[in-house]
Every structure is written in C-alpha cells, then in structure tokens.
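The structure under discussion appears below in the form of structure tokens.
The values are calculated or read from the model by the stated rules, or taken from the named source; none is laboratory data. Predicted, not measured: the structure shown is a model, and the values here were computed from it. Every residue, glycine as well, gets a Cβ built from its backbone with ideal geometry; the counts of neighbours run over all protein chains shown.
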Amino acid sequence: MARRHTAQLRHANSGAGVAEADPRYAGGAAGLLPIQPQSPGLAERIWWGREAATPPCGRPGLA
C-alpha cells in the first residue's frame, strides 16, 4: 500500500491532473485538475524509508 500511495504522490507532484473538476467551481473547466500551487523540486525534498526518522543519516529524494 505504501508503494501505491508513494506512486500517487509522485504522480500528483509531477503536475498531472488528479482531481475531477467541477465546472460550477472551476470556471467551466472539465477534466482533471493538477495540485496548485506547484513546488519545484519537491520530490528531491521528500524523505523515504526508515532513514526518514533520522534525516542526517537518511537519503534525500525519491529517485
């Protein structure tokens, strides 16, 4: 389950659409909307794994 959630997080952080637009509130837009605002470099600042509890020893990024 954690891998699936991480894949969803990475997909959302890539700027891909993740939420269905409601035309009544999205100015008539239809389809999937991306998360806003975008944060460039966010994937490199997310810690993953056991090392996340001890950042100085951890490995940065999800690469």
Within the range 34-49, count every residue that is in contact with a helix residue (DSSP H, G or I) (Cβ under 7 Å, 6 or more places away or on another chain) and assigned to a helix (DSSP H, G or I). 2
For the range 12-33, give me each residue that is under 25 Å from ALA2 (Cβ atoms) and assigned to a loop (DSSP other than H, G, I, E, B). SER14, GLY15, ALA16, GLY17, VAL18
In the range 29-63, which residues are at pLDDT 70 or above and of a type in the set (Asp, Glu)? GLU44
Pairs with Cβ under 9 Å, 6+ apart, first in the range 1-21 and farther than 18 Å from ARG45 by Cβ, second surrounded by 11 or more Cβ atoms within 10 Å (Cβ to Cβ) and among the polar types (S, T, N, Q): VAL18/GLN8
Suppose we filter the range 8-33 for residues that are surrounded by 11 or more Cβ atoms within 10 Å (Cβ to Cβ) and either of a type in the set (A, V, I, L, M) or out of contact with any helix residue (DSSP H, G or I) (no Cβ under 6 Å at 6 or more places or on another chain) (or both); how many remain? 16
